[in-house]
Amino acid sequence: VIVDEIHAMARDKRGSHLALTLERLEHATAARPQRIGLSATQRPIELVADMLCGTGAPEPCAVVDTGHQRALDLALELPQGELEAVVSAEQMGDVVDRIAALVGENHTTIVFVNTRRLAERLAHQLGEQLGDDVVSAPHGSLSKDRRYRVESRLRSGDLRALVATASLELGIDVGPVELVCQVGSPRSIATFLQRVGRANHSLRGIPKGRLFPLTRDELVESAALLA
């Protein structure tokens, strides 16, 4: 039994459901299934291992830790003027212009935002600058066929920019991506690492991400996240 991205299960009631289901599976099988958990961002790793193995494990769970540090190309991008409690229309325009410039410098860029409303707005504004035919904004409410068309265009290299919410974190094959932009604080170091990790996703590739805080509070969070 392979549990991929196990860190996403460990933090809430889905983890409790998983643990119960694994015990039921073991009760129903003649031989104890081997359990394997995978994640690049699980911490603390021993606690996650205990959750995976359960209480009745005949032997301790083996932990394979290949280290957490890797080379990353990360930077903050700030609009003109001092950030306040709420982002101004002029500053949001600066953010859109800068993202459009970055998209122009790379073949494929994923722009992560925190709300569906912002995803649609940003995709529209980028489409006005770059062309609607090279920008798309898939989200969870899209039909299966439409999402499949978007993902196919992304894999084939027809799309230059994809504006996405957390619904894109479901492990789809997005093909080669050179840059990930995060607009607003991702609220979690693990979430940011997962998203940036989609850029240059190869054995020797260096993930490249740019973080765009929109408020004064998000600037503090983002600076701490990069540190």
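What does the charge dipole of segment 1-58 about its Cα centre add up to, to the nearest 20 debye, if the Cβ of each Lys and Arg holds +1 and the Cβ of each Asp and Glu holds -1?
Details: 7 positive and 7 negative charges, 20 e Å.
Computed about the Cα centre, the dipole is about 100 debye.
For the pair V134 and D217, how long in nm is the line joining their label points, each one 7 Å along Cα→Cβ?
3.7 nm
Gain in length, R43 to N114, computed as 0.36 nm per residue apart minus the alpha-carbon separation, to one decimal in nm?
Contour length minus Cα-Cα distance gives 23.2 nm.
Once you have the Cα-Cα distance between R14 and C61, take 0.36 nm times their residue separation minus that, and quote the gain in nm to one decimal.
14.8 nm
Please list, ordered by chain and number, the residues whose modelled amide H lies under 5 Å from the amide H of V111; skip anything fewer than 5 residues away on the same chain.
For V111, whose amide H was placed from the backbone, the distant partners under 5 Å are L162, V163, A164, C181.
Using only the Cα atoms of the chain, what semi-axes does the equivalent ellipsoid have when each is the square root of 5 times a gyration tensor eigenvalue? Give whole Å, largest first.
Semi-axes (√(5λ), whole Å): 36, 20, 16.
Roughly how many percent of the accessible protein surface of the chain is carbon and sulfur, given a 1.4 Å probe and a whole-percent answer?
On the way: 6980 of 13210 Å².
The computed percentage sits at 53.
Taking Rh as the Kirkwood radius, which is the inverse of the mean 1/r over Cα pairs, what is the Rg/Rh value for segment 5-83?
1.20
Ignoring solvent entirely, what values of log10 I(q)/I(0) come out of the Debye formula for segment 176-227 at 0.30 Å⁻¹ when each Cα is a single scatterer?
For segment 176-227, the Cα-only Debye profile gives -1.14.
Positive end of the charge dipole of the chain (Lys, Arg +1 and Asp, Glu -1 on Cβ, about the Cα centre): tell me which of V113, A164, M9 has its Cα farthest that way.
M9
For the chain, what does the helix formula give at 222 nm: sum of -39500 (n - 2.57) over DSSP H segments with n ≥ 4, over the residue count, nearest 500 deg cm²/dmol?
After summing the helix terms and dividing by the residues of the chain, the value is -12500 deg cm²/dmol.
In nm, what is the difference between 0.36 nm times the number of residues separating H124 and L203 and their Cα-Cα distance? Working shown, then result.
Numbers: separation 79, 0.36 × 79 = 28.44 nm, distance 3.43 nm.
Taking 0.36 nm per residue and subtracting the Cα distance, the gain is 25.0 nm.
Once you measure Cβ to Cβ distances between cysteines in the chain, which Cys have no partner under 4.7 Å?
Isolated Cys, the chain: C181.
Could you size up the charge dipole of segment 59-155 around its Cα centre, putting +1 on the beta carbon of Lys and Arg and -1 on that of Asp and Glu, and report it in debye to the nearest 20?
620 debye
The values are calculated or read from the model by the stated rules, or taken from the named source; none is laboratory data. The model shown is predicted, which means the values in this text are computed figures rather than measured ones. Reconstructed Cβ throughout: ideal geometry from the backbone, glycine too, with neighbour counts over all protein chains shown. The area values use the complete protein model at the heavy-atom level, side chains included, leaving out ligands, DNA and RNA. Shrake-Rupley method; radii C 1.70, N 1.55, O 1.52, S 1.80 Å.
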